[in-house]
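Encoded as structure tokens, the structure appears first; notes follow it.
The values are calculated or read from the model by the stated rules, or taken from the named source; none is laboratory data. Note that the structure is a prediction, hence the values are computed from the model and not measured. As a convention, Cβ positions derive from the backbone with ideal geometry for all residues, glycine included, and neighbour counts pool all protein chains shown. Please note that ligands, DNA and RNA were not included when accessible areas were found on the heavy atoms of the full protein model with its side chains. Shrake-Rupley method; radii C 1.70, N 1.55, O 1.52, S 1.80 Å.
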Amino acid sequence: MTESPRGSLNAQRIIPLATLAAPPRGMDPIVVRLSTALSTAIAEILKQERAVLVLSRQSTGRLYLDQHQFSTLTTPPPVEPTADVFLLSVTRSALLRYLPMLAGLPPLSFNMEKGPGAFLLSAGSMLEAGVLEGTIPQTRQRLMQHVTDLLITTILDCLELEVSVAGRRRHRQKHIRHYIETRLHEHDLTPQSIAEASGISTRALYQLFDGEEGAVAGWILNRRLERIHADLTNPTHDALPIAQIALNHGFRNAAHFSRRFRQKFGASPREIRQRSALRLGRLEQTGSSGRG
């Protein structure tokens with residue numbers, strides 16, 4: 001009998017997990033309640049060679065591995081210092097020995113309202129409240145191992161259990177493309193700047209985009225042109241000069257923009273705008289006739 005695609009996918013996810021070693025005992029989880037500014041508290045923990053997971057009922061959970069990863073963030077974590085926030089830290093080297101695929105990834109985000117993230121938040125708040133005080137060492141050790149297991153489960157769930165090389169590649173592609181999408185308006189957006197912000201080499205970035213050096217720049221160009229086309233066919237931008245629209249989406253050279261736009265859409269930017277205006281005018285006339 002032919003195996004269903006869903007069964008095949010499940011097998012691909014289960015096999016890598018079965019090869020993982022038992023969770024390391026050197027992770028030494030520690031939970032503290034936030035008492036200072038969040039960015040300051042995170043930076044202080046990262047200096048101690050520990051990874052830190054931010055747990056909060058008011059915001060998405062985040063895992064930060066090292067100071068470089070944290071320093072590349074363009075905006076501080078969206079959590080108020082006064083919020084009910086717990087910081088769960090573990091020994092970074094032990095975490096990476098067990099989950100080496102985390103190295104080089106952007107900060108992971110976790111759902112704290114449901115799933116394993118909600119369990120981890122509850123466990124963290126109980127630990128910080130001192131529920132293990134007075135327990136015998138053996139009991140404390142076993143319960144802390146459960147916390148470690150829960151942390152691992154939360155991370156694997158965040159990665160959708162994609163612990164294979166292909167899964168790691170897809171995860172990096174997703175975050176790097178999101179980074180690019182939010183910066184298409186920047187004129188100085190280059191493969192070099194993208195790689196540096198992502199904590200990887202330029203060569204590794206090219207490999208993520210099918211191994212071709214022009215693939216990264218080509219993807220950026222394509223997304224910019226698509227956004228410009230959308231603006232040119234949107235009546236709300238009719239008063240905006242075409243050159244300004246191109247500039248807003250990262251093009252500084254008007255001739256280069258016009259040439260690339262025609263290559264992609266088979267018409268000049270002005271022709272695309274005129275066609276869109278004609279279509280809109282006909283639709284409005286049709287609507288007026290129908291009402292009459």
Hits in segment 217-227 (condition: within 30 Å of Leu280 (Cβ to Cβ) and either free of Cβ contacts under 8 Å to residues at least 12 places away in the same chain or not in a helix (DSSP H, G or I) (or both)): Glu226
Single residue of segment 207-223 satisfying the filter (open to solvent by less than 40 Å² (accessible area, probe 1.4 Å) and within 20 Å of the chain's Cα centre (by Cα)) that is farthest from Arg279 (Cα to Cα): Leu208
Output for segment 228-246, where each listed residue is open to solvent by 60 Å² or more (accessible area, probe 1.4 Å) and either touching a residue at least 60 places away in the same chain (Cβ under 8 Å) or not in a helix (DSSP H, G or I) (or both): Asp238, Ala239, Pro241
Members of segment 177-190 that are part of a helix (DSSP H, G or I), surrounded by 14 or more Cβ atoms within 10 Å (Cβ to Cβ) and modelled with pLDDT of 90 or more: Ile180
The one condition in (1) among the small types (Gly, Ala, Ser); (2) part of a loop (DSSP other than H, G, I, E, B); (3) at pLDDT 55 or above that Ala21 fails to fulfil: (3)
Qualifying residue in segment 103-121 (condition: under 20 Å from Asp28 (Cβ atoms), modelled with pLDDT under 85 and either out of contact with any Lys or Arg (no Cβ under 8 Å at 6 or more places or on another chain) or open to solvent by 40 Å² or more (accessible area, probe 1.4 Å) (or both)): yes
Which listed residue is at pLDDT 85 or above and part of a loop (DSSP other than H, G, I, E, B), from Leu132, Leu87: Leu132
Subset of segment 68-79 that is farther than 15 Å from Leu102 by Cβ and loosely packed, with under 14 Cβ neighbours inside 10 Å - its residue that is modelled with the highest pLDDT: Ser71
Filter result for Gly214 (assigned to a helix (DSSP H, G or I) and either closer than 15 Å to Leu102 by Cβ or at pLDDT 90 or above (or both)): no
